[in-house]
1. For A:Val210, A:Val354, B:Val29, what's the fewest-to-most ordering of other Cβ within 10 Å of each Cβ?
2. Could you work out the pair-distance distribution P(r) of the range A:569-658 from its alpha-carbon pairs, with 10 angstrom bin width and percents rounded to whole numbers?
3. List, in the order given, every pair from A:Lys102/A:Lys534; A:Lys502/A:Lys642; A:Lys394/B:Lys186; A:Lys84/A:Lys380 whose Cα-Cα distance in the structure shown is over 29 Å.
4. Return one quarter of the surface area of the convex hull spanned by the alpha-carbon atoms of the range B:5-116, equal to its mean projected area, in nm².
5. To the nearest 500 deg cm²/dmol, what mean residue ellipticity at 222 nm is calculated for chain B from DSSP H runs of n ≥ 4 alone, each contributing -39,500 (n - 2.57), summed and divided by the residues?
6. Suppose we take every Cα in the range A:265-420 and form the convex hull; what volume per residue is that in Å³?
7. I need the per residue convex hull volume for the range A:157-237, using only the alpha carbons, in cubic angstrom as a whole number.
8. How large is ³J(HN,Hα), in whole Hz, for each residue of the range A:155-172 in order, when computed from phi with the Karplus curve 6.51 cos²θ - 1.76 cosθ + 1.60 and θ = phi - 60°, using x for Gly and Pro?
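Read-outs: derived from the displayed coordinates by stated rules, not from any lab. None of the values given here were measured: they were computed from a predicted structure. We place every Cβ from the backbone using ideal geometry, glycine too, and count neighbours over all the protein chains shown.
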Amino acid sequence: MALNSKIPSGQLDSKWKTYKSTCKLVNPANKRSLEIIVVGTGLAGASAAATLGEMGYKVKAFCFQDSPRRAHSIAAQGGINAAKNYQNDGDSTYRLFYDTIKGGDYRAREGNVHRLAEVSANIIDQCVAQGVPFAREYGGLLSNRSFGGTQVQRTFYAAGQTGQQLLIGAYQGLERQVSLGNVEMHSRHEMLEIVMVDGKARGIIARNLVTGELERHFGHAVLLCTGGYGNVFYLSTNAMGSNVTAAWKAHKQGAFFGNPCYTQIHPTCIPVSGDHQSKLTLMSESLRNDGRIWVPKAKGDNRKATDIPEEERDYYLERRYPAFGNLVPRDVASRAAKERCDAGFGVGSSKMAVYLDFASAIERYGKVEAHKQGLHTTDKNTIMALGRDVVKEKYGNLFDMYAKITGENPYEIPMRIYPAVHYTMGGLWVDYELMTTVPNLYALGEANFSDHGANRLGASALMQGLADGYFVIPYTLGNNLANDISTKAIPTDHPAFVAAEKDVNDRINRLMNIKGTESVESFHKRLGKIMWDKCGMARNAKGLTEAIEEIKALRKEFWSNVRVPGDIKEFNPELDKAGRVADFLELGELMCIDALNRNESCGGHFREESQTEEGEAQRDDEHFMFVSAWEYKADSQFELHKEALDYEVVHPSARSYK
Amino acid sequence: MEHYNMNLTLKVWKQKNNKAKGAFETYKVSGISSEMSFLEMFDVLNEQLVAENKEPIAFDHDCREGICGMCSMYINGRAHGPWHQTTTCQLHMREYKDGDTIVVEPWRANSFPVIKDLVVDRSAFDRIVAAGGYISVNTGNAQDANCLPVDKQRADESFAAATCIGCGACVAACPNTSAMLFVSAKVSHLALLPQGEPERKSRAVNMIHQMDTEDFGSCTNIGACEAECPKGISLENIARLNREYLGAMFSGSKEA
Ligand SMILES: Cc1cc2nc3c(=O)[nH]c(=O)nc-3n(C[C@H](O)[C@H](O)[C@H](O)COP(=O)(O)OP(=O)(O)OC[C@H]3O[C@@H](n4cnc5c(N)ncnc54)[C@H](O)[C@@H]3O)c2cc1C
Ligand code: SF4
Ligand code: FES
């Protein structure tokens, strides 16, 4: 099957405009008889469901939490990008497009990314109109801050809770459509299969997580907005329930998986404290504006951080990357931290951490503050106290979170941080219209692979999720469904629904009947360890080859020895988790296969075989300028399809931050 | 920070489903590290139960960062446990010492029926929001964001109200099981913004009406909600909601 990305022809900046003015439309009367299934109600899903409901489609939305307001998007901290140029610092649609393409290490599509930049400004307008309380200046206008990988201030934010505020905005819009009867919301439901009729996605099988009953739902089209799969690593900054199940079921029904190995490891997270650890907590990228990262110059230096004098500290990012210093992109900062810890310079009891130190920022702000207040003091304590107040206003909620988790006061002693799995750039392959390789099946938000190439810049996932849901799918869905207006709703006693439900039922029964001795949690941890050690921050052919075999063996063990307690027809979180871990055990193998195949380093994917003499990532445009789209053939058998990336406007060059 | 391990006794509410009668069960856990979170301690207990071929305890959780509002345990008589402005998932075991007994219950309120063990049904909150907790603006209707300056102080107050995570601790903490703090936070968030102005009256009236329909108790100004709210939502919001509601009733607005 040849991949067709359906990028419209024409100039880069006219592609989307032309598409919008020439795509097919569905008239209001016909929309009322078209049913749409939206799986997932995070930013991508809630915005899509609300908008499609407003347009008159009949929408059914699903999420596994008890309310759409709890999707993982709620946890996003730092902000959302938009090319508004409110700060008059030279921003433009083109610049946002360019930064995103470059940040992604030239592995994303120009056409998609330009569209994203074009609609970014509309997102902010829409959110403000909904009542999203973004941070403002004293003049009443919107405030911005800067994020890594850019030279302008284009990030809109609501303290350290931007995702929460954006999601609540979308959720309110969704609930409004629920009250109007345009959207039917199914919370505590998990989609477990796509129903295919005549080669098209026409519905889903979902499990009611409260009763355990399976349900059949018809839709003319199915939208997967089910988030990322970082939890394949067990430990990540994702919420506990984040999973790949929906995307994986789609993959097995014929949807190609794009760039599965592209994983973002975020440099500043609270380190692992012991085997009991269930998840990792992010400390926002915005902290790197003011925090300095260092380790002791001497190996195994066990003194307290505050007892180590200035000249015995190694500010290794400032040393290695003088031009960008602490603000190098995420992939670079993460690898540098790993390098220092592996070399024996790590700090804390585990020695797998580095310091993020605010002392000099506190002092700097303290001096400015003293000056502002007309205090002619040189008393260090007074200055530090003033400075702490400033830092508190900027990052208070993050510092509090750190203190609660670690029991340490980051105003007094430096934070300990270490990189952690954070985001997956890979996902279901989609064309320009966000349709997967399965007709009528779409993927939006983090669940698709589309716009971030091999490395996502900060504050751009929220932008993409909302772009997909509010501004892209309403057009592209109509363009396709215009051909479907005469398709009547398919009754759910159709053989395809019956067969799909039976498959799901059989699988659940199989899981329950293994009655082995090892818990689901234990298998998940073991998978996570393989993935982290061999398909994590640095990868090589030997490790990946081993990992593939280890995962296969682990999967076999899982299917013969997992213990799932409880019953099927009841609220049973262990069973929910078992199904998710079973899918991770298949995805993990594909990620390793993809990582093995891509023998170059790009963005978050670092192959040890492909580095410069100085240990920097080395891209190989000659051989790897393509999207890897994997087709599922059978267990452990995947066929690679390549979508060539044609750069018409930007000229890919080496990323240097020295 | 000095780390230590501890052995604990847990008395946890077990209830098979909504129809079954529940009761406390006693469990022992050992080797709990002071560095664990409260939910990680429950993970340890559940792993132990699975190993013993018993049924683990069902509890709600997702983000484990204090932001999704999913976790909901009533710990030793307090919603979300002893730490000020802290969700269950952010409570850490260094609060406890070796030999302690901890009693854990679900949120108790007629409007939040138990689904299983510590898991309750909070969908009433969604229905209250659906009754009016929004601004009616369709996608594509918006003007340029900076066409509408908002006084910074009001924007900040609106944000403070909007940080409510919808966890329901306020209801669980209230002897009357009133949902006024939750509803007032939503109403304040929108009423403080110029965008929320056109629907201000109908919003307050409709949301209060839905709250009453859901069988939440009435507010008698006890203040337990504010004391236990993990996000520090202020009682001032309730005062504002009362003003909004009375204002709407006097001006004769009943419904949207
Ligand atoms: C800690 C943290 C901080 C972040 N900060 C930022 C930031 O500052 N800026 C930024 O741009 N990005 C940030 N990100 C990334 C960003 O938050 C996510 O990429 C984005 O929110 C994903 O949105 P989504 O709508 O695609 O998916 P999600 O929000 O993950 O939603 C997934 C939805 O799918 C549902 N679902 C999943 N599977 C099923 C199934 N089988 N059946 C039914 N429903 C299902 C879930 O219930 C949920 O509703 C951050 C991420 C993390 C982890
Ligand atoms: S007001 Fe506070 S306690 Fe009540 S739901 Fe909101 S965050 Fe929870
Ligand atoms: S689990 Fe999300 S707030 Fe506690």
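1. On the way: A:Val210 19, A:Val354 31, B:Val29 16.
Final ranking by Cβ density, sparse to dense: B:Val29, A:Val210, A:Val354.
2. Result returned by the calculation: 13, 33, 27, 17, 8, 2.
3. Details: A:Lys102/A:Lys534 27 Å; A:Lys502/A:Lys642 34 Å; A:Lys394/B:Lys186 25 Å; A:Lys84/A:Lys380 41 Å.
Where the Cα-Cα span goes over 29 Å, the pairs concerned are A:Lys502/A:Lys642; A:Lys84/A:Lys380.
4. On the way: hull surface 28.1 nm².
If you wrap the Cα atoms of the range B:5-116 in a convex hull and average its projections, you get 7.0 nm².
5. Rounded to the nearest 500, the figure is -10000 deg cm²/dmol.
6. Working: hull volume 18.3 nm³, N = 156.
Convex hull volume per residue, Cα atoms: 118 Å³.
7. Values: hull volume 12.7 nm³, N = 81.
Enclosed volume per residue, from the Cα hull, is 157 Å³.
8. Rounded to whole hertz, the list is 9, 8, 8, 10, 6, x, 10, 4, x, 4, 5, 5, 5, 5, x, 5, 5, 4.
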